[in-house]
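In what follows, a structure is listed as C-alpha cells, so that the remarks can point back to it.
Computed from the coordinates by the stated procedures, all read-outs in this text should not be read as laboratory data. Not measured: the values here are computed from a predicted model. Every residue, glycine as well, gets a Cβ built from its backbone with ideal geometry; the counts of neighbours run over all protein chains shown.
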Amino acid sequence: EWAERGAAKIVREVTNPETGQTTKHVIKKGIKDFRFGDVLGDGSYSTVMLARSNDSGKKYAVKVLNKEYLIRQKKVKYVNIEKNTLQRLNNSRGVIKLYFTFQDEASLYFLLEYAPNGDFLSVMKKFGSLSEECACYYSAQILDAIDFIHKMGVIHRDIKPENILLDKDMKIKLTDFGTAKLLDKSEKSGKYDLLERSKSFVGTAEYVSPELLNDNYVDYKCDIWAFGCILFQMISGKPPFKATNEYLTFQKVMKVQYAFTAGFPLIIRDLVKQILVKVPDLRPDESQIKKHIFFKDVNFEDGSVWDKNPPEIA
Ligand code: ADE
C-alpha cells in the first residue's frame with residue numbers, strides 16, 4: 001500500500017507520429033535513479049544522506065528507514081504520520097518539502113528538500129549566541145512557520161533547534177514530523193480544532209511543556225512553549241531549562257524555573273516571560289506574539305518575513 005500511494009510517478013505523454021495516438025508512460029522513480037553521498041544526520045530510527053538525481057543532478061536529502069527495525073520497534077505508525085503530515089504541508093515556505101517516497105525490500109526512502117546550511121543548533125553552537133537582529137530574523141520565520149502548520153491542523157510536538165534546518169538562502173525549514181499530531185477539521189466550523197486535547201508522547205526534555213509533564217496532554221500551545229525556549233536560547237546560548245539529567249530538567253520545567261543571563265535584552269526578556277507561563281491558556285498565541293514590540297519591524301502580512309536577506313550572523 002505504501003508503495004502504491006507513495007511511489008513517485010512521472011507521466012510522459014508520447015505521441016506516435018504515424019497514428020497520431022497519444023499514450024501515457026508512467027515512469028516510477030526508484031533508488032536506482034539517485035546516487036547517494038555523505039551522511040547528513042542520524043535519527044533514532046533513520047539515517048539522512050545526501051542524494052543526487054541521475055537525470056538532473058539535483059541534490060536531495062534522502063531519509064532511509066530500515067523496515068525490519070521499524071516493525072520490530074513498532075515505529076511504522078510514526079513513519080506514516082511523517083509522510084501524511086509532510087504531504088499536507090507541502091509547498092509551504094517554512095517546511096521541508098517532500099518530493100518522492102519509495103521503497104525496496106529493506107528500506108523506505110523519503111526524498112526531501114536538501115537544506116545545505118545544516119541545522120539551527122549547529123549555527124547557535126558555532127556562534128555561542130546571536131545578536132538581537134539575528135534573533136529577530138530567525139525567530140520571526142520560526143514563528144510564522146509554526147503559525148502556518150497550526151493553521152493547517154498540524155501540531156509538531158518536538159520543535160527544537162535540531163529540527164529547524166537552513167536552506168541555501170538561510171531561510172528556516174521545519175523538519176522531522178514523525179511525532180506530529182494531525183488534526184481533523186471540525187464538522188461545525190470547517191476549521192481545524194487546535195484545542196483538541198490528546199493524551200500522548202513526550203518530546204525532548206529541554207523543550208517539553210509543563211502541561212505535557214503534568215497532565216499528559218498537548219494542544220498547539222506546546223509548540224509556542226518550545227518557540228519561547230528557542231528564543232531564549234538564541235540570546236543566552238543555552239536553553240532555559242537545562243540540568244544534568246532529564247529528571248532534573250523536568251523538575252525545572254514543571255516549576256518554570258529559569259533565569260535570564262546578564263545583559264539579556266529587556267524587550268526579548270519581556271516576550272520570553274510572556275511565553276514561558278505554565279498554564280497553556282494564558283500563553284500567547286501566534287497572532288499575539290507577532291504584535292509584540294520585538295517584531296515591530298517585521299511585516300508578517302505581506303510575506304516579507306521570508307524575503308529579507310539574512311543578517312550577518314553574530
Ligand atoms: N539533515 C536532516 N535532514 C536534512 C535535510 N533535509 N537537508 C540537510 N540536512 C539534513
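Normalised by the number of residues in the stretch 96-163, the mean separation of alpha-carbon contacts (under 8 Å, six or more apart) gives a relative contact order of 28 percent. Computed on the Cα atoms alone, the convex hull of the stretch 21-84 gives a volume of 133 cubic angstrom per residue. For residue 191 and residue 313, the difference between the fully extended length at 0.36 nm per residue and the C-alpha to C-alpha distance is 40.0 nm.
Of the residues 122, 46, the one with the fewest other Cβ atoms within 10 Å heads the list, and the complete ranking is 122, 46. Computed from backbone phi, the HN-Hα couplings of the stretch 78-92 come to 5, 5, 5, 4, 4, 5, 5, 5, 4, 5, 5, 8, 4, 6, 10 Hz, rounded to whole numbers (Karplus: 6.51 cos²θ - 1.76 cosθ + 1.60, θ = phi - 60°; Gly and Pro given as x). Could you point to the residue in 90, 122, 80 farthest towards the positive end of the chain's charge dipole, with +1 and -1 charges on the Cβ of Lys/Arg and Asp/Glu respectively? In the chain, that residue is 80.
Residue exposure proxy: 157, 283, 52, ordered by other Cβ atoms within 10 angstrom of their Cβ from fewest to most, comes out as 52, 283, 157. The calculated 222 nm mean residue ellipticity attributable to helices in the chain amounts to -9000 deg cm²/dmol, summing -39500 (n - 2.57) over DSSP H runs of n ≥ 4 and dividing by all residues. Pairwise Cα distances in the chain exceed 29 Å in 41 percent of cases. Of the cross-linked pairs 126/278; 125/273; 160/191; 168/296; 29/185; 58/171, those separated by over 22 Å at the C-alpha level are 126/278; 125/273; 160/191; 168/296; 29/185. This model, with +1 at the C-beta of Lys and Arg and -1 at the C-beta of Asp and Glu, gives the chain a dipole about its Cα centre of some 460 debye. Please work out whether the stretch 97-230 counts as rounded, prolate or oblate from its C-alpha gyration tensor, where a ≥ b ≥ c are the square roots of the eigenvalues and a/c under 1.5 means rounded, while otherwise a/b larger than b/c means prolate and anything else oblate? Oblate is the answer for the stretch 97-230, as a/c is 1.5 or above yet b/c matches or exceeds a/b.
For the stretch 264-271, backbone phi angles converted through the Karplus equation (6.51, -1.76, 1.60; θ = phi - 60°) give residue-by-residue couplings of 4, x, 4, 5, 6, 4, 4, 5 Hz, Gly and Pro being listed as x. Between residue 167 and residue 296, the distance separating the two model label sites (each 7 Å from Cα on the Cα→Cβ line) works out to 3.1 nm. The value of relative contact order for the chain, using C-alpha pairs under 8 Å at least six residues apart, is 15 percent. Cβ-Cβ distance of residue 77 and residue 213, R₀ of 22 Å, FRET efficiency by 1/(1 + (r/R0)^6): the value works out to about 0.45.
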